[in-house]
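In what follows, a single structure is set out as structure tokens and then discussed.
The values are calculated or read from the model by the stated rules, or taken from the named source; none is laboratory data. Since we're looking at a predicted model, the values are computed, not measured. Here the Cβ positions follow ideal geometry from the backbone for every residue, glycine too, while neighbour counts run over all protein chains shown.
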Amino acid sequence: MLNYGFAIIAIAGATLIPAFIGLYLIANLKFIQTKYIAALGLGLTIFFFFDTFGDADELDVNGALYPISYFGGWFHISLILVFALGIAVLAIIDHLAAISPDASSLSQPNGSSNTKNLRLLIFVPIAVAAVMGIHGLGEGWAYGATSSSISGTSLLDAFSPGIALPEAYSPLISYPIHKLFEAAIIGCVYVAFIQRNNLVPKEKWHIPVLGLLFGLTSVIGASIGYFYVSFDVTYFYAFGVTSALYAAIRLAEAITKAKGLGFAVPAYLGGKVFLALGIGFFLLYIAALLH
């Protein structure tokens, strides 16, 4: 097995280093207009949803032979509830970030009440980073469990168990690249709503906190999973994939509203929008159960 300390340092390096590279890289693409940054993020988000939804067993949409009679059992029901919980958490965080649509004097950010409200817009990228980080918690957990159970002592054994060379190098290379581009999604949201929003105060702690919210969960998951703490990480993926839905909404908004390097205050979504989003998703999901 891999040494515990080495396993944790390895997952920390493979996650946090590319994550911060992705965040700072996107934040420094100052020569590219905001709408194109947002479009890049939207493209990344679409595949992130597709990829993570597969890790979440597609919410077990194909797992029940008789979905009407048995509804796939408790595992199926639990996945659906966890997915719905992810949407609810995003709705709550977005509510913290939102500015009332009838807020006045937004052109005067020096006013105390307006400045306070505008500072809360950081919760838009925080929502994406924190919920996406739960997906990383599942990945780290699985990596930790593998690290302690393999017979070998190399990273190839941990990241590519049972895979022969040279194919074994592919997962080892793919993981940090995934972390870079997943963090880039967060970076695109940050650029559109905070960095290039002329009304919002910028703080030095923004990107470091976003990076830790996204990547530190993988380290936590690995540190727990290493000790054979049994848990089905599919639930983490089902929760984390909802971040893609929220990121897609906000990035699409940025594409249509962004002009040059400036960006208007984001629209207040409200709880009913998230409820309608969930209803729309599950209407077609129910139809898929009948396949």
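Restricting the search to helices (runs of 4 or more DSSP H) fully inside the range 174-286 and requiring at least 2 residues that are among the aromatic types (Phe, Trp, Tyr), under 13 Å from the mean Cα position of the chain (by Cα) and more than 20 Å from residue 96 (Cβ to Cβ) gives 234-240.
Within the range 1-25, the set of residues being modelled with pLDDT of 95 or more and in contact with an Asp or Glu (Cβ under 8 Å, 6 or more places away or on another chain) comprises 19, 22.
Taken over the range 236-291, the criterion of being among the polar types (S, T, N, Q) and modelled with pLDDT of 90 or more is satisfied by 242, 243. Scan the range 213-243 for residues that are free of Cβ contacts under 8 Å to residues at least 40 places away in the same chain and within 29 Å of residue 34 (Cβ to Cβ) and the total you get is 0.
If you go through the range 202-235 and keep only what is over 21 Å from residue 184 (Cβ atoms) and hydrophobic (A, V, I, L, M, F, W, C), you end up with 220, 222, 224, 227, 229, 231, 233. When the criteria are applied in full, residue 193 meets the requirement of being buried (at least 22 other Cβ atoms within 10 Å of the Cβ) and either closer than 19 Å to residue 129 by Cα or touching a residue at least 60 places away in the same chain (Cβ under 8 Å) (or both). Considering only residues in the range 26-63 that are aliphatic (A, V, I, L, M) and closer than 17 Å to residue 235 by Cα, the one that is modelled with the highest pLDDT turns out to be 56.
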